[in-house]
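The values are calculated or read from the model by the stated rules, or taken from the named source; none is laboratory data. Just so it is clear, the model here is predicted, and its values are computed rather than measured. Every residue, glycine as well, gets a Cβ built from its backbone with ideal geometry; the counts of neighbours run over all protein chains shown.
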Amino acid sequence: MTAFPIACTGLGLLAAVGCVAPAPVAIIDRGQRIDHAVLEGFKQGLTTRAEVLALLGKPSTTAVNPEDGSLTCSWDYFHSDGAGSVAIMTILKFGRDDTLQIKMVSQSSQLH
């Protein structure tokens, strides 16, 4: 007879612990992810800043180099979910003549 109350207490504890639902995973999706094929279409020395802005829109950041008048623009993207996170920065540098000089993509990812 004493086994019954102990068993019921144990089952009650398991039920209480088992009923706790995990916290929902927040999904964060910020910025603009730029398709690789779009970047491949940009040609150094030929593609203008106006053409890039028409396709990609306003960059996240811009910086002017006072020494040579070049302009560096970056488009940032961040995504995080229950599986992991990724941060991608697309950097394009334009010369004084507003044509593309350098294109670079930096990516960092982490699994959760």
* Grab the strands (runs of 3 or more DSSP E) fully contained in segment 21-112, keeping just those with 3 or more residues being small (Gly, Ala, Ser) and out of contact with any Cys (no Cβ under 7 Å at 6 or more places or on another chain). => 84-94, 100-111
* Only one residue in PHE4, PHE78 is among the aromatic types (Phe, Trp, Tyr) and either farther than 25 Å from GLN107 by Cβ or modelled with pLDDT under 95 (or both). Which one? -> PHE4
* Structure fact -> Restricting attention to segment 60-112, the residues that are within 20 Å of VAL25 (Cβ to Cβ) and either among the charged types (D, E, K, R) or in contact with a Lys or Arg (Cβ under 6 Å, 6 or more places away or on another chain) (or both) number exactly 3
* Asked: Can you name every residue in segment 26-52 that is touching a strand residue (DSSP E or B) at 6+ places or on another chain (Cβ under 9 Å), among the aliphatic types (A, V, I, L, M) and loosely packed, with under 14 Cβ neighbours inside 10 Å?
  -> ALA26, ILE27, ILE28, LEU46
* Asked: If you check ASP35, ASP98, ASP81, which single one turns out to be out of contact with any Phe, Trp or Tyr (no Cβ under 9 Å at 6 or more places or on another chain) and at positive phi?
  -> ASP98
